[in-house]
Amino acid sequence: MIVRRAGLSLTIAAAMTMAGCGGGGNNSQPPPLGGGSPAPTPAPTPGALFAQPAQESLSVAEVQQVVAQAVGEAQARGQPSIIAVTDRVGNVLAVFQMTGAPGTTQLSTRQIGGNAAPGDEIGLQGAMVPSAAAAIAKAITGAYLSSGGNAFSTRTASQIVQEHFPPATSTAGLESGPLFGVQFSQLPCSDLNTRFGAMGPGAFIGPKRSPLGLAADPGGFPLYKNGVVVGGIGVMGDGDYGFDPNILDRDNDPEEAIALAGTQGFTPPTAILADRIPVDGTTLRFSDMTANDIGALQTSFGAINGPAGNLVAVAGYTDGVVRAGTAYGSEASGIRASRAGEFANVDAYVLTDGAGNNRYPIRGGTDVASVGQPLTVAESRAILEEAFIILSRARAQIRRPLDSRMQATISLVDTHGEILGIVRSPDGPIFGTDVSLQKARTAAFFSNPVAAQQLLGTPVVPGVTDIPAYVPRVRAFLNDQAALTGNFAFADRSGGNLSRPYFPDGEVGRPPGPLSVETSNDFSPFAVGLQTDLVIPNIGAHLNFITSNGANADTPQQCTQVPNGPGGLKRIANGIQIFPGSVPIYRGDQLVGGIGVSGDGIDQDDMVAFLGTHNGGQRAGGIGNAPMNIRADRIVIDVNGSSVRLRYVNCPFAPFLDTAAQNVCEGL
């Protein structure tokens, strides 16, 4: 469980070096918000279902323009800030620190019941972090959550990660946000996300890590060029890295206005803004500020570089110079179209090392010592390719125009968490790459016979975290002393049920799930329970690395303190995820792996994982979904005299573009 943070010190002193760079431009009035040109719609190649995104990127001069525009608005508002710009795959292209900008920022102490008293904060609440780290996290969030079919901001992120959706005082009793927990992805310890300067000639391939995961603090937007997402901007200036608990009002947010000024000339097409996209009957929010709220644009980088502040280096992210962005889809970006022999699906994209090699080629399981008969190469291929077929046929939830095809990433792992293959659709949001792997590993971990052993074997960090305490808490909650020993199969929807601050989800007055915070009033996006607890030591080490300008050791490229698996890899080496989109994979009643899907609606993600596993098993023979009698939806929990059943998967009612078939997961 998470313990009170009185003994935890993540206070970070700013430590950044200065560097200079010149540029030019002039002042102008901003165009309307969302006035970006429509996304180009090239026809798919013969035999393909998806068009490949045009390869666009930011030039050095364009990065300078974005920074200058943001700094100009910050000057006009008297709000010295730090501005970060990234490309689509997370490379940091510039970090500019204005004179007088706060070097450190506090992670919000806000809880459901109000602000925490000093010493009462849990999780990451109240921690002091480098402001540059917060700005980078905001920029990455804007870039990673967006695509050619949707433009999301950090305000959008805030809306979809809280304990009720939509977040407001009047919505208590509604379920949690659809991407509850996504903020703890893209972690600095992730073994999937790459690190600046760590790969030689491939130092700028992506997807890159984020210093704080994904941000819910308004002030981060995507950047578009000719209708194509090319990066993100993040602004940190008020010293408070928080979230918006009330979507019903409109905030006058200086950081959001400053970031919005930076996007001018690089705004998304109006048709794909978050506030054109409804989820579960609620329209999402892109920005509380509009172009009418910002002043004349300062586009001259030369006018602000020096007089207003300077470019700064941030250990692990940038050496303090302005860089051009990398075009997504190119070999140099780290994500490209698959080549002959990699995938049968002509639309498939893969992760590459920048030198032509698929980072995660399809392979068989490595866990013969644990399962006896691991997944074979043919079985891995069948699952991934069949899941991709389901994805290609599915109607998107979060993309515009209506009746677009779903776009996402699919990850496959064995019971040790080793990656057996990753495949993406051409324009899936980047965040789904790391998240799909988190989901696959989480399903395999909690369904594994060694899950309890792993958690019980995790060291207690006095005054910070107590991971072993979650095991008896789960067993008492489920009234099952054998829980977490492989007796039930847990999808991420199942584990997510147990990770919400209310059980059943959203019902105020009910107890928290056993993987959540211990009381519902303790919840915040910075303290969600086990998911946070597992990675606090990693995040703390990374922030100290940034603060020391690289003198202190960085966090290892494996998350969590759980014991290493037989091959030396931690089974949850990029953290866990607690919103739907995964299932464990079985050979009869033997767990052999997990599949995770992320990038679109959570029901679509569930369906691709579930039907992909089923169809892959039908094609290969001998493998498939968990037997019905051990799926987590067979678990019934007594909650104050009421019987509540866990969930397993939830598929859309009529999900396909090529057929009117309904209830497509029923009976499988």
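Here are the numbers for this structure:
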quantity: The stretch 338-468: relative contact order in percent, alpha carbon pairs under 8 Å with at least 6 residues between; calculated: 20 percent
quantity: Cα-derived Rg over Rh, computed across the stretch 334-645 with Rh taken as Kirkwood radius; calculated: 0.97
quantity: Residues in the stretch 280-319 reached by a label modelled at residue 549 [backbone nitrogen below 11 Å; 7 Å Cα→Cβ]; calculated: 313-315
quantity: Qualifying lysines (Cα of each under 24 Å from Cα of residue 138; at least 8 residues distant if same chain); calculated: 208, 225, 439
quantity: Computed lengthening from residue 369 to residue 59, 0.36 nm per intervening residue step minus Cα-Cα distance; calculated: 106.5 nm
quantity: Ordering of 447-459, 204-216, 625-637 by burial proxy (mean other Cβ atoms within 10 Å per residue, highest first); calculated: 204-216, 447-459, 625-637
quantity: Hydrodynamic radius of the chain per Kirkwood, over alpha carbon pairs, in Å; calculated: 24.4 Å
quantity: Average Cα contact separation per residue, the stretch 334-645, under 8 Å, 6 or more apart, as relative contact order %; calculated: 22 percent
quantity: FRET efficiency, 1/(1 + (r/R0)^6) with R0 45 Å, evaluated for residue 120 and residue 346 via beta carbons; calculated: 0.20
quantity: Net charge of Cβ neighbours under 9 Å - reference residue 392; Lys, Arg +1; Asp, Glu -1; calculated: +1
quantity: Mean Cα-pair separation over length for the chain, i.e. relative contact order, pairs under 8 Å, 6 or more apart, %; calculated: 19 percent
quantity: FRET efficiency estimate (nearest 0.05) - Cβ-Cβ, residue 650 to residue 249, R0 35 angstrom; calculated: 0.65
quantity: Positive-end residue of 448, 384, 432, charge dipole of the stretch 334-645 with Cβ unit charges; calculated: 384
quantity: Projected label distance in nm at residue 487 and residue 564, using a 7 Å step from Cα toward the beta-carbon; calculated: 3.3 nm
quantity: Positive-end extreme of charge dipole, the chain - chosen from 184, 115, 502 (charges on Cβ); calculated: 184
quantity: Sorted by Cβ neighbour density within 10 Å, fewest at the top, the residues 50, 196, 488, 152; calculated: 196, 50, 488, 152
quantity: Estimated distance in nm for a label pair at residue 638 and residue 169, the labels positioned 7 Å out from Cα along Cα-to-Cβ; calculated: 3.8 nm
quantity: Ranked by how many other beta carbons lie within 10 Å on average, peptides 220-229, 299-308 from highest; calculated: 220-229, 299-308
quantity: Gain upon complete extension [residue 460, residue 203; 0.36 nm per residue less C-alpha separation]; calculated: 89.0 nm
quantity: Mean Cβ count within 10 Å, highest first, over the residues of peptides 59-69, 614-624, 577-587, 355-365; calculated: 577-587, 59-69, 614-624, 355-365
quantity: Estimated dipole of the stretch 334-645 in Debye, rounded to 20 [Cβ of Lys and Arg +1, of Asp and Glu -1, Cα centre]; calculated: 420 debye
quantity: For 651, 189, 559, order by how many other beta-carbon atoms lie within 10 Å, fewest first; calculated: 651, 189, 559
quantity: Net +/- balance of residues flanking residue 215 in space, Cβ distance below 13 Å, scoring K and R +1, D and E -1; calculated: -3
quantity: Per-pair calculated FRET efficiency, R0 = 51 Å: residue 590 and residue 275 via Cβ, rounded to 0.05; calculated: 0.60
quantity: Sequence-distant residues sharing a close amide H with residue 194 (under 5 Å, placed H); calculated: 208, 209
quantity: Length added when fully stretched, residue 666-residue 321, from 0.36 nm per residue minus Cα-Cα; calculated: 118.7 nm
quantity: Size of electric dipole in the chain: Cβ of Lys, Arg +1 and of Asp, Glu -1, about Cα centre, debye, nearest 20; calculated: 860 debye
quantity: Acute angle (nearest 10 degrees) that the helix 431-446 long axis makes with the longest principal axis of the chain, alpha-carbon atoms; calculated: 30 degrees
quantity: Amide proton proximity set for residue 290, modelled H, under 5 Å, gap of 5+; calculated: none
quantity: Proximal aspartates and glutamates relative to residue 570, as straight alpha-carbon distance under 15 Å, when same-chain residues fewer than 8 apart are discounted; calculated: 191, 367, 414, 418
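Rule-based calculations on the coordinates, nothing more; no lab input. Keep in mind that this is a model prediction, so the values were computed, not measured. A quick note on method: Cβ atoms are made from the backbone with ideal geometry, for glycine too, and the neighbour counts reach across all protein chains shown.
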